[in-house]
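What follows is a short report on a single structure.
The values are calculated or read from the model by the stated rules, or taken from the named source; none is laboratory data. All figures in this text were calculated on a predicted structure; none of them were measured in a lab. We place every Cβ from the backbone using ideal geometry, glycine too, and count neighbours over all the protein chains shown.
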């Protein structure tokens, strides 16, 4: 993305590198916490409740908790900055992880459900951190900034599922059900991430972005699609861009959560152990985050909407492969889940870039929080309905329906492309003294 003729090209502020480094460190820690609910949440519920039809409830609960967390974190970030908002979100996630362990030890389904709801705040924070990475990024590097934060989640998120057996043994020695073991890891991971952000995320990226935008206005510099309201009737941003980006992320989240949630249950029903399910989920989570640097580059170079369209096609392929994969074939199921994670990655990075482009700094935190509420609610619907669909029609029906739903991204993008774009100018950093004279 180049600035129009006569408009100074935006410059990356020096604080961006330090902020990205801190976010990367915290995401590595929190990734393991994120993977706990994904890997064993459904299995733990099935074990405690004795019903496959209710196995999707944990996913629905922690994604519903993520919706509530996104609202609270968004408001807190808007009022006080990214640092307190993200740190508190991870601290609440750690509390929820502890609650899951206690619920499993006591055999209390009610406490389990409440704790999973609270645990959702940690998963919401893990995703919302991507916005902080792009607060100070120039428009031409927003995709890569978002993807850097997402990529950092890979290490913890891939290692976490592969520690299912080890953490299960630790839990067993403490008199706790083995399936609660990964939540002990989540407790430590989310807690460490909270401490890291609270102490190291300085300066606050959102506050600095707001200060730079205000300085640019005072300077008389032109403002761009995410840094002001030039060319708009108000400062609310590009509503079409927000709507399209949100739709892309909502659809990809719903499809990904639904298929992913029931895959471990499907595997266990056909004789696979938790270690095999953990391996498949580890590969899936790796595909969710590992391709992020390439995805960010493609989003910046080829365009947000092209990669958003690719997400729908990739998720459709994942659904078809999951439906056709022999139940006893771990490699085939793993390949389907890798495609599922890749499609989700395409949708999240491209959709996030669309939303960031469309919101000025003064509305970013609250607007992004509301966007992530929609994403979390979509995940809750996907998780809650997945078990019922499997009971009524089987895993194959769930996978095929999810793949077809993902293709709805394409007509949405086609409709948006025919709409007139709002007037925009490229953003500029505050001018130097030499430029003023």
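The listed residues are 226, 269, 235, 230, and the only one of them that is modelled with pLDDT under 90, out of contact with any helix residue (DSSP H, G or I) (no Cβ under 8 Å at 6 or more places or on another chain) and over 28 Å from residue 404 (Cβ atoms) turns out to be 230. Taken residue by residue, region 412-419 has at least one member that is modelled with pLDDT under 80, over 25 Å from the mean Cα position of the chain (by Cα) and either farther than 26 Å from residue 259 by Cα or in a loop (DSSP other than H, G, I, E, B) (or both). Evaluate the following for residue 347: is it within 15 Å of residue 77 (Cβ to Cβ) and in a helix (DSSP H, G or I)? No, not satisfied. Of all positions in region 208-218, none carries a residue that is touching a helix residue (DSSP H, G or I) at 6+ places or on another chain (Cβ under 9 Å), at pLDDT below 90 and over 15 Å from residue 364 (Cα atoms). Examine region 292-300 for a residue that is over 20 Å from residue 405 (Cα atoms), at pLDDT below 95, part of a loop (DSSP other than H, G, I, E, B) and over 18 Å from the mean Cα position of the chain (by Cα), and state whether such a residue exists. No: zero hits. Yes or no: region 160-180 includes at least one residue that is out of contact with any helix residue (DSSP H, G or I) (no Cβ under 9 Å at 6 or more places or on another chain), part of a helix (DSSP H, G or I) and over 17 Å from residue 351 (Cα atoms). Yes, some residue in region 160-180 is out of contact with any helix residue (DSSP H, G or I) (no Cβ under 9 Å at 6 or more places or on another chain), part of a helix (DSSP H, G or I) and over 17 Å from residue 351 (Cα atoms). Please determine whether any residue of region 8-19 is part of a helix (DSSP H, G or I), buried (at least 20 other Cβ atoms within 10 Å of the Cβ), modelled with pLDDT under 85 and under 24 Å from the mean Cα position of the chain (by Cα). No: zero hits.
Here's the yes/no breakdown for (1) crowded, with 19+ Cβ neighbours inside 10 Å; (2) closer than 19 Å to residue 149 by Cα; (3) at pLDDT 85 or above; (4) out of contact with any helix residue (DSSP H, G or I) (no Cβ under 7 Å at 6 or more places or on another chain):
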position: 342; (1), (2), (3), (4): yes, yes, yes, no
position: 345; (1), (2), (3), (4): yes, yes, yes, no
position: 375; (1), (2), (3), (4): yes, yes, yes, no
position: 380; (1), (2), (3), (4): yes, no, no, no
position: 399; (1), (2), (3), (4): yes, no, yes, no
position: 421; (1), (2), (3), (4): no, no, no, yes
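The residue list 134, 171, 194 contains one member that is at pLDDT 85 or above, over 21 Å from residue 295 (Cβ atoms) and surrounded by 23 or more Cβ atoms within 10 Å (Cβ to Cβ), which is 194.
More than 20 Å from residue 124 (Cβ to Cβ), in a helix (DSSP H, G or I), free of Cβ contacts under 8 Å to residues at least 12 places away in the same chain and over 16 Å from the mean Cα position of the chain (by Cα): does that describe residue 305? Criteria not met by residue 305. Exactly one residue out of 115, 132 is in contact with a helix residue (DSSP H, G or I) (Cβ under 7 Å, 6 or more places away or on another chain) and in contact (Cβ under 8 Å) with a residue 24 or more places away in the chain, and it is 132.
Criterion applied to 286, 319 was being closer than 29 Å to residue 142 by Cβ and within 21 Å of the chain's Cα centre (by Cα), and the one residue passing it is 286. Among the residues making up region 358-371, a single one is farther than 13 Å from residue 135 by Cβ, more than 16 Å from the chain's Cα centre (by Cα) and surrounded by fewer than 23 Cβ atoms within 10 Å (Cβ to Cβ): 366.
The number of residues in region 73-118 that are closer than 22 Å to residue 177 by Cβ, at pLDDT below 90 and within 18 Å of the chain's Cα centre (by Cα) comes to 2.
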